[in-house]
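Chemist: First the structure, which I've put down as structure tokens, then a few questions once you've had a look.
Every number here is computed from the coordinates shown, using simple stated rules; none is lab data. Computed from a predicted structure; not experimentally measured. Cβ: placed from backbone, ideal geometry, glycine included. Neighbour counts: every protein chain shown.
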Amino acid sequence: MRNLIQMTDSQPTCIVVTCFSENQPGFLDFSYRLQALAKHYQLTILSQDMLSQTELMIEGANYIALGRKSGKLGWLSYLYKCANTIRKQQPSLAVLLHSSASPISLMVGKIPTCLYWNEHPTNLMHVVKAFSPVRNTLAKMAHWLVFYGAKRADLIMPIGEDHQEDLIHHGVKAEKIKMIYMGVADSFVPQHVNKEVPQHDNTQVQQHTQTEAPQNKPIHLIYIGTVSQARGRDVMLDAMAVLAKETALLKRNGAIKLTIVGATESELTFCQQRVKALKIEQFVQIVGRVSGHEIPAYLAQADVGICLWEQNQWNEFNPPTKLFEYLVAGIPVLASNIRTHTRYINDWQNGLIFDYDAQSLAHTIFQLHTNKHELLKFKHHAVMSGRQHVWSKIEPVFLDAIQKLSASKQQNFSMIQP
């Protein structure tokens with residue numbers, strides 16, 4: 001058992017609502033917020049399924065699983081059960097730890113609500129291009145309900161600038177919004193990087209990183225996250241096949257290696273079969289799901305991270321967790337050309353930008369290898385751009401916003417008492 005904060009009866013109470021999908025790939029950003037809240041509140045954590053992930057285990061917290069039903073009616077039923085629990089327990093604060101939980105703010109009266117806005121409503125229920133008037137009408141109604149719930153929340157914490165701008169566009173008052181990045185644990189920061197090195201001091205950072213990227217060492221690419229077609233699985237594998245077929249990079253002492261981490265059992269089987277069919281077994285390693293606490297060890301062995309998303313509406317808003325984990329770990333990023341990447345990755349500075357297809361990715365990897373001498377500079381810029389995403393710097397901002405909300409609500413409540 002980890003040595004976490006012990007609860008006392010004198011602490012105010014907080015109910016946290018989670019909305020995890022059945023195939024949720026990562027939990028670290030939620031874990032950071034739960035750990036921070038546990039320092040100041042007695043926590044009750046609501047979920048659909050019983051939680052068992054080590055990242056979400058908070059000593060002293062009360063866990064309540066309310067059950068999972070499929071479809072949007074199941075989603076609405078769960079939100080109603082959460083709101084009912086909140087009304088009955090009357091906590092000091094309710095934290096809605098997912099965009100899809102926003103309608104709860106419409107059902108809990110005067111209890112202060114903080115909403116973690118991490119996903120765009122268009123990804124909760126998709127509008128399809130095919131003729132489907134009923135489905136698309138229901139989808140748009142769901143989008144409206146989620147945005148309306150955000151308007152009624154007392155504090156909204158979007159994870160990025162694009163979410164913040166979009167919330168304001170949909171009528172959420174700017175004074176209710178506190179944009180806070182997802183955050184990355186300090187354990188991701190490489191031990192050899194001096195975190196106090198000034199930004200202009202390239203020499204010292206290069207001295208620290210020199211041992212990481214000797215010129216005769218293969219470049220180790222890594223992808224960590226959901227392994228699926230929509231997240232660029234086939235683009236990565238096909239790009240490695242292009243390199244194997246059209247260049248001598250992969251044949252020359254294994255100059256490029258790729259590790260993909262996060263595959264489910266079915267994806268693991270698919271990828272292994274695909275890798276074998278493409279004849280790139282010796283250059284590609286596929287790893288299954290791992291705990292979030294294991295990720296820093298994988299990143300410590302890598303030189304460059306890959307972020308790639310197909311172009312669609314919701315991906316234009318949701319920056320991926322892995323992008324910031326790479327940067328904090330001092331790993332430059334090969335990123336597909338979508339604004340949730342290009343807002344944070346500057347081409348030929350802290351990474352390289354490519355179009356979302358195998359040929360473009362293969363060409364970018366080839367350029368990276370050709371300009372291998374630039375890798376130290378890329379790593380330096382990655383470290384610098386990752387600093388603002390370290391959770392130890394974000395946590396005080398998060399807690400300050402939460403405590404100001406609680407204090408403000410308590411003061412308003414006291415003023416209306418006879």
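Chemist: Return one quarter of the surface area of the convex hull spanned by the alpha-carbon atoms of the stretch 132-194, equal to its mean projected area, in nm².
Modeler: 7.0
Chemist: With log10 I(q)/I(0) by the Debye sum over Cα atoms at q = 0.07, 0.08, 0.13 Å⁻¹ in mind, check [x] -0.37, -0.47, -1.04; [y] -0.33, -0.43, -1.14; [z] -0.36, -0.47, -1.17 and report the label derived from this structure.
Modeler: Here log10 I(q)/I(0) by the Debye sum over Cα atoms at q = 0.07, 0.08, 0.13 Å⁻¹ agrees with entry [z].
Chemist: Per-residue ellipticity at 222 nm for the chain, helices alone: DSSP H runs ≥ 4 residues times -39500 (n - 2.57), over residue total, nearest 500 deg cm²/dmol?
Modeler: -12000 deg cm²/dmol
Chemist: Let me ask something additional. So what is the relative contact order of the stretch 272-372, in percent, for Cα pairs below 8 Å that sit 6 or more residues apart?
Modeler: 20
Chemist: Glu267: net charge of surrounding residues, Cβ under 14 Å, Lys/Arg +1, Asp/Glu -1, itself excluded?
Modeler: Neighbour charge sum, excluding Glu267 itself: +2.
Chemist: Would you give the gap between the C-alpha center of the stretch 223-300 and the C-alpha center of the stretch 172-191, rounded to a whole Å?
Modeler: Value for the Cα centre distance between the two parts: 29 Å.
Chemist: If neighbour count is taken as other Cβ atoms inside 10 Å, put Ser92, Ser105, Ser47, Ser408 in order from fewest to most.
Modeler: Ser408, Ser92, Ser47, Ser105
Chemist: Using Cα pairs under 8 angstrom and six or more residues apart, how large is the relative contact order of the stretch 1-111, in percent?
Modeler: It rounds to 33 percent for the stretch 1-111.
Chemist: How far apart, in nm, are two points set 7 Å out from the Cα along the Cα-to-Cβ line at Arg343 and at Lys151?
Modeler: Label-label distance for Arg343 and Lys151, simple model: 2.3 nm.
Chemist: Once both axes come from the Cα atoms, what is the angle between helix 358-370 and the longest principal axis of the chain, in degrees from 0 to 90, rounded to 10?
Modeler: So the inclination is approximately 60 degrees.
Chemist: Then there's this: Label points 7 Å out from Cα along the Cβ direction at Ser392 and Gln359: separation in nm?
Modeler: It is 4.8 nm.
Chemist: Tell me the net charge near His220. Cut-off is 9 Å between Cβ atoms, His220 excluded, with +1 for each Lys or Arg and -1 for each Asp or Glu.
Modeler: Within the 9 Å Cβ shell, the charges total +1.
Chemist: While we're here: Taking the simple approach of a point 7 Å from Cα along Cα-to-Cβ for both Ala407 and Val127, what is their distance in nm?
Modeler: Between Ala407 and Val127, the label points sit 4.2 nm apart.
Chemist: Could you state, as a whole-number percent, how many of the C-alpha pairs of the stretch 299-418 are farther apart than 18 Å?
Modeler: Here the long-distance tail beyond 18 Å is 59 percent of all Cα pairs in the stretch 299-418.
Chemist: Rounded to the nearest 20 debye, what is the charge dipole size of the chain about its Cα centre when +1 sits on each Lys and Arg Cβ and -1 on each Asp and Glu Cβ?
Modeler: Dipole about the Cα centre, nearest 20: 800 debye.
Chemist: Okay, moving on. Multiply the residue separation of Gln53 and Ser70 by 0.36 nm, subtract the distance between their alpha-carbon atoms, and state the gained length in nm to one decimal.
Modeler: 4.0 nm
Chemist: What is the sum of charges around Glu310, taking Lys and Arg as +1, Asp and Glu as -1, for the other residues whose C-beta is under 15 Å from the C-beta of Glu310?
Modeler: Residues near Glu310 contribute -1 overall.
Chemist: Between Thr370 and Lys88, what FRET efficiency comes out of the Förster formula 1/(1 + (r/R0)^6) with R0 = 45 Å and r the beta carbon distance, rounded to 0.05?
Modeler: For R0 = 45 Å, the calculated efficiency reads 0.10.
Chemist: Next question, about the same structure. By how many degrees, between 0 and 90 and to the nearest 10, does the Cα long axis of helix 233-246 differ from the longest principal axis of the chain?
Modeler: Orientation of helix 233-246: about 10 degrees from the principal axis.
Chemist: Rounded to whole Å, give me the distance from the Cα center of the stretch 382-404 to that of the stretch 114-148.
Modeler: Computed from Cα coordinates, the inter-centre distance equals 30 Å.
Chemist: Can you tell me which of 231-243, 158-170 comes out highest on packing, and rank the rest after it, using the mean Cβ neighbours within 10 Å?
Modeler: Answer by packing, highest mean first, reads 231-243, 158-170.
Chemist: In whole percent, what relative contact order does the chain give with Cα contacts below 8 Å and a gap of six or more residues?
Modeler: Relative CO of the chain lands at 14 percent.
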